[in-house]
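Here's the structure we're looking at; comments come further down.
All of the numbers you see were taken from the coordinates with simple rules; none came from a lab. If you're wondering where the values come from, they're calculated on a predicted model, not measured in any experiment. Please note: Cβ atoms are built from the backbone with ideal geometry, for glycine as well, and neighbour counts cover all protein chains shown.
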Amino acid sequence: MSSNDLIVLGIAGLMMAHLVIGLPLFVVLGLGSLAMVTTVGVYSPSILGEVPFSAIDNWGLLAMPLFILTGDIISTGRIARQLVRLGQSVVGWITGGLGMSTIMGCFFFAGTSGSNSADTIAIGKIMIPSMTERGYSKSYAAALAAAGGCLGIIVPPSLMFIIYGVVTSTSVGELFLGGVFAGVLMAACMCLANYFVCRFSNWGPVDRVPFRFVEVLHATWAARYGLGAPAVILGGIYSGVFTPTEAAAVAVAYCLLAELFLTRGITWSDVPKLLVRSGSITGMIGPIIAFSVLLAEVLAVLRIPARLASYMLSIPTGFITAVLMIMFILLVVGCFLECIAAIIIMMPILGPAAVKLGFDPVHFGVFVVCALTIGFITPPVGVNLFAASAISGVPYLTIAGRAWPLCLALIVAVIAIAFIPGLVLWFR
């Protein structure tokens, strides 16, 4: 190990320590990059301004604030409640039906928002009080909302697939298609886990409602505007009418018009508040992307990702062991890094390994994003855990403790996605 490697390792340790004590992620990434540039001397300090600007000066990333705004619009209006009602009419008759309705509500909501935190907050505000009234423990109800929110970046349109596509030059449209059955499988696994939790906790008989086909029809009709959003967005993308970035603008216009004039869930006076709230979220994510790209470029110049990939592939293991090793790395990274930063930092390391293992780029992209979503419900970063805690009042770590059956279900789903390419590449 060279002296430069030791310096980088020491800086990485300091960066992790600063993350643990709560320093903002973009500050940690920026200071870490600055420390590596000045101590190792691989770049001119001018890179500290050039690379972050180039990273966010990207047409594809324009979809990010637009999808965030879309999620805010429908969570404030009535579309989210209509989608929850649809989910309850479909699965409410099963043991643990109310919990499954939460997951299904998140699934349907994901088709319009593309955001995990928006999914958790919108559906959690509606379902956590309902589940608590029916006898569910508040901590488990919050855990369901947090876990269901993971579907927000898997079911298309997905903000993370857009970012992954931009970073790795992978087709965003194909990533969207690949996420369809991946999202269905993850939702099904969580519903199954919830069934057993409710059965052994005696919550099931309390929250069951009779299945009525007429109610399903009524709920589907009531949710027509919410269901129409992904149809318009994805239909426009795959018919070639507009690009994924343009689709985000169409999503904003569609949901805004639907909530203002059709469902009347919001008024014109709500629009400025929605713009400010979405802008503040975008303002937090933008610097993370910019400085993540900077750190990734510095590491690439030092050839650290390439050497790590070579080391991983030099270990005498078969395909199955290598894939499980990659999954383990993603699960650990997801615990400590926000998903966007993890994608940008880890792809230079894992991308070459995936190519040598024979992964299709779209299959590997869906696998990576699905694995990283589990980090949304695992400490210490656990964005969805913080969101669920904020709306429920339950401590962050208490929710994490109740989320383990759902976390295990997601791991099972991700393993299936990794080893069954047809689940992702069904459209080819």
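List of remarks:
- Net charge dipole size for region 46-423 [Lys, Arg +1 and Asp, Glu -1 on Cβ; Debye, nearest 20]: 860
- Largest-first principal axis extents of the Cα set of region 46-423 (Å): 59, 47, 39
- Here each label is just a point 7 Å from Cα along the line to Cβ, and for S169 and A390 those points are 3.7 nm apart.
- For the peptides 32-41, 369-378, the ranking by packing is 369-378, 32-41, with the highest mean count of neighbouring Cβ atoms within 10 Å listed first.
- For the chain, with +1 on Lys and Arg beta carbons and -1 on Asp and Glu, the positive-most of P129, I153, I281 along the dipole: P129
- Helix axis angle, 116-133 relative to the chain longest principal axis, alpha carbon, degrees: 40
- Under a model in which nothing but the beta-carbon of Lys, Arg (+1) and Asp, Glu (-1) is charged, region 158-302 shows a dipole of about 440 debye around its Cα centre.
- Entry note, region 358-419: relative contact order of 35 percent, from Cα contacts under 8 Å with a spacing of 6+ residues.
- Virtual spin-label span in nm between L31 and T321, 7 Å along Cα→Cβ: 4.0
- Protection proxy ranking for 82-89, 191-198, using the average of other Cβ atoms within 10 Å per residue and placing the highest first: 82-89, 191-198.
- Mean separation of Cα contacts under 8 Å, 6 or more apart, over the residue count of region 46-423: relative contact order %: 26
- Three principal axis extents of region 165-246 based on alpha-carbon atoms, in descending order, are 49, 32, 14 Å.
- Signed unit charges on C-beta, dipole axis of the chain, positive-most listed residue L29, C407, C370: C407
- Modelled this way, with points 7 Å down the Cα-to-C-beta line, the labels at I21 and K273 are 3.8 nm from one another.
- Highest mobility in the GNM of the chain, judged by mean-square fluctuation with C-alpha springs under 10 Å and restricted to S139, S292, S201, is found for S201.
- Angle between the chain longest axis and helix 79-91 axis [Cα atoms, degrees, rounded to 10]: 70
- Excluding same-chain neighbours fewer than eight residues apart, the lysines reachable from K125 by a Cα-Cα span under 22 Å are K138, K273.
- Ordering of 270-280, 156-166, 127-137 by burial proxy (mean other Cβ atoms within 10 Å per residue, highest first): 156-166, 127-137, 270-280
- Degrees separating the helix 3-20 axis from the principal Cα axis of the chain, which is the longest one: 30
- Sum of side-chain charges, I162 neighbourhood, beta-carbon under 13 Å (Lys, Arg +1; Asp, Glu -1): -2
- Relative contact order for region 218-293, counting Cα pairs under 8 Å that sit 6 or more residues apart, in percent: 17
- Ordered by the number of other Cβ atoms lying within 10 Å of each residue's own Cβ, fewest first, C189, C150 fall into the sequence C189, C150.
- Three semi-axes of the equivalent ellipsoid, region 20-126, Cα gyration tensor, whole Å, largest first: 43, 16, 10
- Kirkwood hydrodynamic radius of region 98-227, Cα pairs, Å: 15.5
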